[in-house]
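The structure's right below; bear with me while I get my questions together.
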């Protein structure tokens, strides 16, 4: 939720006003750090002030994973891979099942060995399966193997190693991929958490996977639950307009194409 509040460009300004009124507010420090990270990611600020703000927030709120998430997002964009791994560990130390941080880590791992081509044994799949197995039964990290599959497709398609049309790529057609998607869909039927602040992201990844598999009935059930709440990832992969791709897939699944 802090990450969502931090997204608008004006958040940093009013958070600084908040700090003038409450200079010891840990909440304000955390929000300022995330707001400056978002500005840095958009190229509106240099990374240095965002790093400093996140470190200051971490000092005031040592148990809060959010400042470390901010640093993770920043270093994912401008830093070294070793820093990304270290910062992920800092987030996980404070929140073992942190949804956003696991998604960031999967995206980073998927980019390793981009030129290796399709590989069902790629390390991103091992990481996602491990994280899902470590999490409680009702944790939305159960969807992480689906996310890993989409992120690896993004990398392969971006490198020209698989077709740019995900539904025609065959990336979701292998035996292991089919089992991953079935397990995730079964989890959603039993445990799907509507109250989780990032549950729409999970539903979009799962609907995308079912569409790419050609499982229209299962995709339709997910699209009905999603409504109009399309998320940029994974519909933009590898270089599509996400809203157009979402609408086309939804129309196909619902029989209105």
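Which part of segment 233-257 falls in the paramagnetic zone of residue 196, meaning amide N under 18 Å from the point 7 Å along Cα-to-beta-carbon?
So the set is 233-235.
Let me ask something else about it. Mind jotting down the distance between the C-alpha centroids of segment 130-205 and segment 59-98, whole Å?
The two parts, judged by their Cα centres, are 23 Å apart.
What relative contact order, as a whole-number percentage, does segment 190-257 give when Cα pairs under 8 Å and 6 or more residues apart are counted? Could the numbers behind the result be given before it?
On the way: 62 pairs, mean separation 20.6, N = 68.
The value is 30 percent.
Also, quick follow-up: Can you compute the FRET efficiency between residue 216 and residue 14 using 1/(1 + (r/R0)^6), with r the Cβ-Cβ distance and R0 = 41 Å? Round to the nearest 0.05.
Details: r = 46 Å, r/R0 = 1.13.
Computed FRET efficiency for residue 216 and residue 14: 0.35.
Which of the three applies to segment 1-95, rounded, prolate or oblate, going by the alpha-carbon gyration tensor with a ≥ b ≥ c and a/c under 1.5 meaning rounded? Working shown, then result.
Working: a/c = 2.03, a/b = 1.27, b/c = 1.60.
Oblate, because a/c is 1.5 or more while a/b does not exceed b/c.
What number do you get for segment 123-238 when its Cα radius of gyration is normalised by 2.2 N^0.38 Å, N = residues? All intermediate terms of the calculation are to be shown ahead of the outcome.
Details: Rg = 13.3 Å, N = 116, 2.2 N^0.38 = 13.4 Å.
In units of the globular-protein estimate, segment 123-238 measures up at 0.99.
Between helix 99-110 and the chain, what is the angle of the helix's C-alpha long axis to the longest principal axis, kept within 0 to 90° and rounded to the nearest 10?
Between helix and principal axis, roughly 60 degrees.
Quick one: compute the contact order of the chain, relative version, from alpha carbon pairs under 8 angstrom and 6+ residues apart, as a percent.
Values: 327 pairs, mean separation 28.6, N = 257.
It rounds to 11 percent for the chain.
Still on this structure: In degrees between 0 and 90, to the nearest 10, how far off the longest principal axis of the chain does helix 242-254 point, with axes built from Cα atoms?
Relative to the chain, helix 242-254 is tipped by roughly 40 degrees.
With everything on Cα atoms, drop me the angle between helix 26-41 and the longest principal axis of the chain, reported from 0 to 90° to the nearest 10.
The angle comes out at about 60 degrees.
From Cα pairs below 8 angstrom and at least 6 apart in sequence, can you work out the relative contact order of segment 113-176, rounded to a whole percent?
Working: 43 pairs, mean separation 20.9, N = 64.
Contact order relative to length: 33 percent.
When a/c reaches 1.5 or more, the comparison of a/b and b/c decides; with that in mind, is segment 1-43 rounded, prolate or oblate per its Cα gyration tensor?
Prolate, because a/c is 1.5 or more and a/b exceeds b/c.
Just grab the label-to-label distance for residue 186 and residue 113, each label 7 Å out from Cα along the Cβ direction, in nm (one decimal).
The answer from the label model is 2.8 nm.
A short reminder: the numbers here are calculations on the coordinates, not readings from a lab. A quick note: this is a predicted structure, and the numbers were derived from the prediction, not measured. With ideal geometry, Cβ positions are generated from the backbone for all residues, glycine too; neighbour counts draw on all protein chains shown.
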